[in-house]
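The values are calculated or read from the model by the stated rules, or taken from the named source; none is laboratory data. All values derive from a computational prediction rather than experimental measurement. Cβ placement follows ideal geometry from the backbone for every residue including glycine, while neighbour counts extend to all protein chains displayed.
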């Protein structure tokens, strides 16, 4: 085991570790952004109609149009910006706050998506939501990072 530690320790201690955090930040931001794009297109086409999936969500069915806009704004703009700007250490403590806020929004959105829609409405199981669980886990990471 000590030989393995000798080989891997320099990798773990390398200053290039920042790439791992930034790869998560950029990928998570891109995935949320790309998930928000079709929602925006739907809202542009029918601005007074809620997104189809929102009508089925117990908590949000009372105000579906507002919920549709909030989900779209969160995925398309807020989460990506907060996660990316949250990685800019040179802006000081604000970076940590933005990263945490992005993680909080992402965690909330993905909790609703996974537990409210995929499990609650569609009746899917864990093997059906691997992609969504990955986004959920990445969001939780930035919630506490």
- Message: Exactly one of these conditions fails for residue 4: (1) surrounded by 11 or more Cβ atoms within 10 Å (Cβ to Cβ); (2) modelled with pLDDT under 95. Give me its number.
- Response: (1)
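Among the residues of the range 59-70, how many are touching a residue at least 24 places away in the same chain (Cβ under 8 Å) and within 16 Å of the chain's Cα centre (by Cα)?
Going residue by residue through the range 59-70, those that are touching a residue at least 24 places away in the same chain (Cβ under 8 Å) are 59-60, 68-69.
Next cut, within 16 Å of the chain's Cα centre (by Cα) only: none.
Total satisfying the criteria: 0.
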- Inter-residue pairs, beta-carbon under 7 Å, first closer than 17 Å to residue 24 by Cα and in the range 100-124, second modelled with pLDDT under 95 and not in a helix (DSSP H, G or I), 6+ apart: 103/145
- Take residue 56 and decide whether it is surrounded by fewer than 20 Cβ atoms within 10 Å (Cβ to Cβ), over 22 Å from residue 17 (Cβ atoms), touching a residue at least 24 places away in the same chain (Cβ under 8 Å) and over 20 Å from the mean Cα position of the chain (by Cα). yes
- Message: Checking the structure you have, find out if any residue of the range 81-93 is within 16 Å of the chain's Cα centre (by Cα), over 20 Å from residue 21 (Cα atoms) and crowded, with 19+ Cβ neighbours inside 10 Å.
- Response: no
- Which of the residues that make up the range 71-98 are within 30 Å of residue 55 (Cα to Cα), in contact (Cβ under 8 Å) with a residue 24 or more places away in the chain and touching a helix residue (DSSP H, G or I) at 6+ places or on another chain (Cβ under 7 Å)? 71, 72, 74, 75, 76, 78, 79, 80, 83
